[in-house]
Amino acid sequence: MNPLISFSMPIRSHLKMALKSINSILDNVSDVNNIEILLRIDIDDDIILHNLHRFESLPNVKVTIGDKMRGWLDNHHFHKENCEISTGEFIQLWSDDLIMKTKDFDKIIQHKYSSKTCVVSWEDGTEWVCAPMISRNIYEITGAFGKQTFCDSYLCEIGSQCEIYYYDSNINVIHDRYDITGNNLHTEFRAQQKQYKSAIIEYRLQDTKELLKNDINLIKNYLKQ
């Protein structure tokens with residue numbers, strides 16, 4: 001039987017952060033068979049690769065190892081690699097600085113969203129959404145998990161324009177990032193801030209707008225069937 005939720009989680013160097021994030025999922029799921037945790041690791045990440053056994057010993061964890069590419073700027077490609085091996089009804093965007101806080105979150109998802117075509121964001125205490133969950137058919141129809149670095153914004157835009165977006169405060173997550181909580185100031189975070197302007201420019205390009213428009217039309221046409 002396939003799991004309910006596939007967590008797509010690129011991780012980079014931050015061993016304690018990643019383990020804390022994964023354990024927050026495992027500690028709060030009602031049935032571990034309802035989830036799979038898909039880790040995407042850079043081929044040159046010696047810290048994580050040296051400790052790979054610590055991840056592989058956890059239940060329902062799958063690991064993909066690949067090229068670093070442009071790092072955070074190619075975030076959507078890492079998620080797509082995870083999607084390609086995912087088997088869940090839903091695919092959940094996740095990262096090593098996210099903490100799940102809601103007990104039995106899988107029961108909530110199953111009760112409210114099973115069999116729906118949807119994009120759902122959870123309460124994360126910020127002014128933006130960072131961890132949308134999509135129904136699997138959105139990935140299958142568009143062939144991607146967003147097509148730009150800001151795949152979270154991209155997916156939420158699809159959901160909003162197609163009128164299938166939900167913001168659900170019944171599930172609470174913490175985005176434990178330095179500029180939000182004061183925790184986890186590290187090299188990767190600093191590099192990400194330097195790349196942020198480049199990512200915004202890419203997101204605003206006409207090419208990205210066309211990709212988004214086409215994906216929105218694909219989902220709209222699917223919903224009309």
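The values are calculated or read from the model by the stated rules, or taken from the named source; none is laboratory data. Source: prediction; values computed, not measured. Cβ sites come from the backbone with ideal geometry, for glycine too, and all protein chains shown count toward neighbours. Just so you know, the surface numbers come from the protein's heavy atoms only, side chains and all, with ligands and any DNA or RNA stripped out. Shrake-Rupley method; radii C 1.70, N 1.55, O 1.52, S 1.80 Å.
Name every residue in the range 114-140 that is surrounded by fewer than 17 Cβ atoms within 10 Å (Cβ to Cβ) and either at pLDDT 95 or above or part of a loop (DSSP other than H, G, I, E, B) (or both), in order of residue number.
Taking the range 114-140 first, the residues surrounded by fewer than 17 Cβ atoms within 10 Å (Cβ to Cβ) are 114-116, 123, 125-128, 137, 140.
Within the range 114-140, 114, 115, 116, 125, 126, 127, 128, 137, 140 meet the criteria.
Out of contact with any Pro (no Cβ under 7 Å at 6 or more places or on another chain), modelled with pLDDT of 95 or more and surrounded by 19 or more Cβ atoms within 10 Å (Cβ to Cβ), is that true of residue 43?
On the way: out of contact with any Pro (no Cβ under 7 Å at 6 or more places or on another chain): yes; modelled with pLDDT of 95 or more: yes; surrounded by 19 or more Cβ atoms within 10 Å (Cβ to Cβ): no.
In short, no.
For the range 82-98, give me each residue that is within 22 Å of residue 26 (Cα to Cα) and among the charged types (D, E, K, R).
89, 96, 97
Among the listed residues 76, 111, which satisfies the condition of being open to solvent by 10 Å² or more (accessible area, probe 1.4 Å), on the phi < 0 side of the Ramachandran plot, touching a Cys at 6+ places or on another chain (Cβ under 6 Å) and assigned to a helix (DSSP H, G or I)?
Sole residue among the options that is open to solvent by 10 Å² or more (accessible area, probe 1.4 Å), on the phi < 0 side of the Ramachandran plot, touching a Cys at 6+ places or on another chain (Cβ under 6 Å) and assigned to a helix (DSSP H, G or I): 76.
Are any residues in the range 1-37 open to solvent by less than 40 Å² (accessible area, probe 1.4 Å), in a loop (DSSP other than H, G, I, E, B) and at pLDDT below 95, and if so, which ones?
Residues satisfying the conditions are 12, 14.
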